[in-house]
């Protein structure tokens, strides 16, 4: 049985006496891909026996990364049982087993733009360090503690701390965790997935999950081919997506490069150096290891920038070039700790370290094992280069022998992450798709990206393309804060399956903005809400019902930069904004919940409440003609004056409004307007 399988869950075990005859499969144990030697030793040959242990649950969630955890928590909160599988022995995906514990986030995230559960994950990391380490008084008093004082993110930490926090979050009724478990076959009957076969690496046995719904939160969208769900790999042509930066011809092999991160310590004196990898010179020639990066001037950027190894002055602005390399993704700053952290440690996840020669997608297990091994060797070569060949700051020789590999931080023998950091997944062909022009600021002139009425989440990160090995050049494009449309989550045909990570309906280019920690978590959490409603009602839920559930869960669906998910009126404001009832500014992202509502805003709101999407001028004319609001004796409407509840002629409205529970006199605040009108 899996971990966290409590006494009250609905999960049970039976023995299948009527299963199909034995079949043979090959499964790759990615965590066991060796740095050197025969990569195929990580390939497991599995024979499905005539009798297989069966486990029943409401929802199978494959992959315990950011999306899988968000989905599992959402399902648990609605009383559904979950079988959560994970190939490695760590939960957390890219934040832990994938090695990227320097969270890729937006700069609003400390107070807005995150789901409530993701915010609690971040708070849990900070609490873990406060409870389990001896911080300095200054660090202990730091509200937004960043253990590493890194520059790339407001929160950098050790992967093992993330594992502990996430494991604790998953200790919820109905969540049953199966570590070291990989799905390798799916039984689908028409429009229903009925079961999935999985291999448990450590127990060396096959199990079958009997399920009512399936969510794919794997890092590479592994369940899409198994379930025979149409998907795309690589880059789409411009003729299909209309994206300005898309290639003229589709290229399935053009998948973003991936990386094996590792952690190094900056010791006071020379440390044991890594052995020179076989083929180091060829890897060096291919990768061009350097701390010098070209930010193309033709895009209005700086051009060539030379990073130096050490230093603590922040880059300008914040996480942009130029700046010190080691502290960029520093996980622990020794100056934040009184004892227990003698030296700084930093995460190595650098573009020159990326492996883009071969795509890991749609490969046979033995072939994939070789690709992953070559990617590991690329990271090992980068480590050797840092220790031996990198020109030192000030041109005083080569190499930093004081940099030591810390295998304990990644929990692996070779020091590389347990699972590669996969930037681009298989992507499901969905009913809707988000393209470059939908989110990039060049094409979206307001404060937000394209409006999606079926929004079920938000995100904000650069369109960050780490180029593939197919003649692609990486280009970052700045987006506007964007939404996640429900249509991009829905399979073309109705099926008890949803993507729960970066395998949703986005393009090769927009994947670069959707693959980040908080966005993946949001995608998974929204998938969990959709699946939960689907199971409860026996049919695909409508968008409005999903949005209402998500608002109550604390999932932002409309971008506001001054209101977090714990605001008392969060749900009401989100729902009102989605319906066009809430006053939204054309120049900024502010909700300003305590600001007074103007009479013009009240006219727009009451018109929208009764199904009329009108601008201010149209709304004023409409409501005065209908007698819903009055003008004065000079026939002036006074658009900019504060709105009072008595300004609405409620007896003239086509239907009764929700009961008024706020004060009868004085200006009405925005949160009050939202709370009343979003009540039903």
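A short reminder: the numbers here are calculations on the coordinates, not readings from a lab. Every value quoted in this text rests on a predicted model; they were computed, and no experiment measured them. Counting neighbours? That spans all protein chains shown, and the Cβs are built from the backbone with ideal geometry, glycine included.
State, to one decimal in nm², a quarter of the convex hull surface area for the C-alpha atoms of the range 580-677, i.e. the direction-averaged projected area. If you can, show how the numbers build up before the last one.
Working: hull surface 24.7 nm².
Taking the Cα atoms of the range 580-677, their convex hull projects to 6.2 nm² on average.
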Worksheet item: Mind listing the Cα extents of the range 243-401 along all three principal axes, in Å, largest one first?
Response: 54, 42, 31
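How high is the FRET efficiency from residue 616 to residue 594, r the C-beta distance, R0 25 Å, rounded to 0.05?
Efficiency for this residue pair is about 0.75.
What is the fewest-to-most order of 638, 633, 266, 80 by other Cβ atoms lying within 10 Å of their Cβ? Mind showing how you got there, number by number?
On the way: 638 14, 633 5, 266 19, 80 23.
With the fewest neighbours first, 638, 633, 266, 80 line up as 633, 638, 266, 80.
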Fill in: Pairwise centroid distance, computed over Cα atoms, of the range 53-76 with the range 489-524, Å
16 Å
Practice prompt. Please arrange 396, 417, 195 by counting, for each residue, the other beta carbons lying within 10 Å of its beta carbon, fewest first.
Written response: 396, 195, 417
Fill in: Spatial extent of the range 199-240: Rg and Dmax, with the Cα atoms as the point set, Å
15.2, 49
Worksheet item: Stretched out fully, how many nm does the piece from residue 413 to residue 478 gain, at 0.36 nm a residue minus the Cα gap?
Response: 19.5 nm
Fill in: Between the range 655-673 and the range 114-139, the alpha-carbon center distance in angstrom
38 Å
Discussion item. Please rank 310, 497, fewest neighbouring Cβ atoms within 10 Å first, as an exposure proxy.
Written reply: 310, 497
Practice prompt. Taking the Cα atoms of the range 518-635, report the difference between the largest and smallest coordinate on each principal axis, in whole Å and largest first.
Written response: 56, 32, 22
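What is the Cα convex hull volume of the range 404-499 when expressed per residue in Å³?
With only Cα atoms used, the range 404-499 gives 185 Å³ per residue.
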Response to the item:
Rounded to the nearest Å, the spacing of the alpha-carbon centers of the range 163-177 and the range 213-260 is 30 Å
Discussion item. On a full-extension model of 0.36 nm per residue, what is the gain between residue 294 and residue 585, subtracting their alpha-carbon distance, rounded to one decimal in nm?
Written reply: 101.0 nm
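Using only the Cα atoms, what convex hull volume per residue in Å³ does the range 145-246 have? Intermediate values should be presented prior to the final figure.
Numbers: hull volume 19.6 nm³, N = 102.
Expressed per residue, the convex hull around the Cα atoms of the range 145-246 is 192 Å³.
May I ask for the percentage of alpha-carbon pairs in the chain that lie more than 34 Å from each other? Mind dumping the intermediate values first?
On the way: 110798 of 230860 pairs.
That fraction is 48 percent.
Provide the gained length on full extension for the span residue 566 to residue 374, in nm with one decimal, where the gain is 0.36 nm per separating residue minus the Cα-Cα distance.
Details: separation 192, 0.36 × 192 = 69.12 nm, distance 4.54 nm.
Computed gain between residue 566 and residue 374 is 64.6 nm.
How high is the FRET efficiency between residue 624 and residue 445 when r is their beta carbon distance and R₀ equals 30 Å, given to the nearest 0.05? Don't skip to the answer; put the middle values down first.
Working: r = 31 Å, r/R0 = 1.02.
Calculated transfer efficiency: 0.45.
For the range 348-407, what value does the Rg/Rh ratio take when both radii are computed over Cα atoms and Rh is the Kirkwood radius, given to two decimals?
1.12
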Worksheet item: In degrees between 0 and 90, to the nearest 10, how far off the longest principal axis of the chain does helix 365-388 point, with axes built from Cα atoms?
Response: 80 degrees
Worksheet item: In nm, to one decimal, how far is the residue 545 label point from the residue 308 one, both placed 7 Å along Cα→Cβ?
Response: 6.1 nm
Discussion item. I'd like the FRET efficiency for residue 53 and residue 364, computed as 1/(1 + (r/R0)^6) with the beta carbon distance as r and R0 of 35 Å, rounded to 0.05.
Written reply: 0.80
